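Undergrad: The structure that follows is given in the form of structure tokens.
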Amino acid sequence: MFHSAPPNQTLLHRSPEFLIVGAQKAGTTSLYNCLKQHPDIQAAKKKEIHYFSQYFNKGLDWYLQHFPERESNKLSGEASPFYLYHPHSAERIASQLPQVKIIILLRNPVQRAISHYHQQARRHHEKLAMLEAFQKEDERISSAWHKLLAGKQTSGVKIQQCSYLSRGKYLEQILRYEKYFPREQIMIIESTDFFDHPQETLSRLFNFLGINTNFMPTDLWPRKPGNYADTDPEVLHYLNEYFTPHNKALFQHLGYSFPW
């Protein structure tokens, strides 16, 4: 429940101050849950609004209705993991929210791809064996991806379901955001660092957002955890070979590396 504003405070219906843009299956739900607990943050009506990916045609007024009226010192934001991968989201966000702070959560792309596959298999969207699904990704999503690039559709079922490998090519996705936002408006968090060292990671994130860094959420329990230690070694070898050059390029660009 939101607290009433003091008599001298005006409640304002403002655009969000931060966006968690992805990556999918990297811990965005857990991170957003931690942010919601901060007393300086009032949550959006739902975590994933997908305005800048799937519903951009509805207009900014529609989007802003998802955020609470709040005091000037209160922040709000949302987390739509498709924003990182969607080819037009960064430009769209910059056109309407040029001052917004961008939070990017990255997970080892090998683990991310495996988790993504298991999610689709559980939902009965994926019928192929894991290795075959990875090997056939390009031919399965190519047509829909080019339509998305050309603006002929707002999303694509196959793109969202079967983008196991392409979502893990992080550098090209980050570069889209760096094209439209200064680096000081972008924070990149590695998911293992977040889950293993939540207090330190959240303190840095709160500082990035300009809110009380001493607060610590009482609920740090990971959302949607998954353990796929029994993955076929052939699949792991394929994924490691695939992502090694992409990770190397990412680390070179960032100037630091992750333990992938």
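The values are calculated or read from the model by the stated rules, or taken from the named source; none is laboratory data. In this text, all values refer to a predicted model and were calculated from it rather than measured experimentally. Neighbour counts run over all protein chains shown; Cβ positions are idealised from the backbone, glycine included. Accessible surface areas use protein heavy atoms only, side chains included; no ligands, DNA or RNA. Shrake-Rupley method; radii C 1.70, N 1.55, O 1.52, S 1.80 Å.
Undergrad: Give me a count of the residues in the range 220-251 that are in a loop (DSSP other than H, G, I, E, B) and open to solvent by less than 50 Å² (accessible area, probe 1.4 Å).
TA: Within the range 220-251, residues that are in a loop (DSSP other than H, G, I, E, B) and open to solvent by less than 50 Å² (accessible area, probe 1.4 Å) number 3.
Undergrad: Name the residues in the range 2-35 that are open to solvent by less than 50 Å² (accessible area, probe 1.4 Å), modelled with pLDDT under 65 and not aliphatic (A, V, I, L, M), would you?
TA: If the condition is that a residue be open to solvent by less than 50 Å² (accessible area, probe 1.4 Å), modelled with pLDDT under 65 and not aliphatic (A, V, I, L, M), then no residue fits.
Undergrad: Still on this structure: When both residues are 6+ apart or on different chains and their Cβ atoms are under 7 Å apart, which pairs have a first residue that lies in the range 134-154 and is farther than 16 Å from HIS86 by Cα, and a second that is open to solvent by 70 Å² or more (accessible area, probe 1.4 Å) and not small (Gly, Ala, Ser)?
TA: Short answer, once both residue conditions are applied: ARG140/LYS158.
Undergrad: Further question: Being over 20 Å from ASN108 (Cβ atoms), hydroxyl-bearing (Ser, Thr, Tyr), surrounded by 14 or more Cβ atoms within 10 Å (Cβ to Cβ) and at pLDDT 95 or above, is that true of even one residue in the range 181-197?
TA: no
Undergrad: If you don't mind, there's one more thing I want to ask. Among the residues of the range 155-190 satisfying the criterion of being in a loop (DSSP other than H, G, I, E, B) and among the polar types (S, T, N, Q), which is farthest from ARG112 (Cα to Cα)?
TA: The residue in question is SER155.
Undergrad: Follow-up. Here is a list of conditions, (1) open to solvent by 70 Å² or more (accessible area, probe 1.4 Å); (2) in contact (Cβ under 8 Å) with a residue 24 or more places away in the chain, and TYR177 meets all of them except one; can you say which number that is?
TA: (1)
Undergrad: Still on this structure, please answer the following. Which residues, counting only those in the range 42-62, are over 18 Å from the mean Cα position of the chain (by Cα) and either crowded, with 21+ Cβ neighbours inside 10 Å or of a type outside the set (Gly, Ala, Ser) (or both)?
TA: GLN42, ASN57, LYS58, LEU60, ASP61, TRP62
Undergrad: Hey, another quick one. Being under 19 Å from the mean Cα position of the chain (by Cα) and modelled with pLDDT under 95: is that true of SER155 here?
TA: In short, yes.
Undergrad: What residue, of HIS88, HIS66, HIS38, HIS50, is on the phi > 0 side of the Ramachandran plot, modelled with pLDDT of 95 or more and out of contact with any Leu (no Cβ under 7 Å at 6 or more places or on another chain)?
TA: From the options HIS88, HIS66, HIS38, HIS50, the qualifying one is HIS50.
Undergrad: Among the residues of the range 174-196, are any more than 19 Å from the chain's Cα centre (by Cα), under 23 Å from HIS86 (Cα atoms) and not polar (S, T, N, Q)?
TA: There is no residue in the range 174-196 that is more than 19 Å from the chain's Cα centre (by Cα), under 23 Å from HIS86 (Cα atoms) and not polar (S, T, N, Q).
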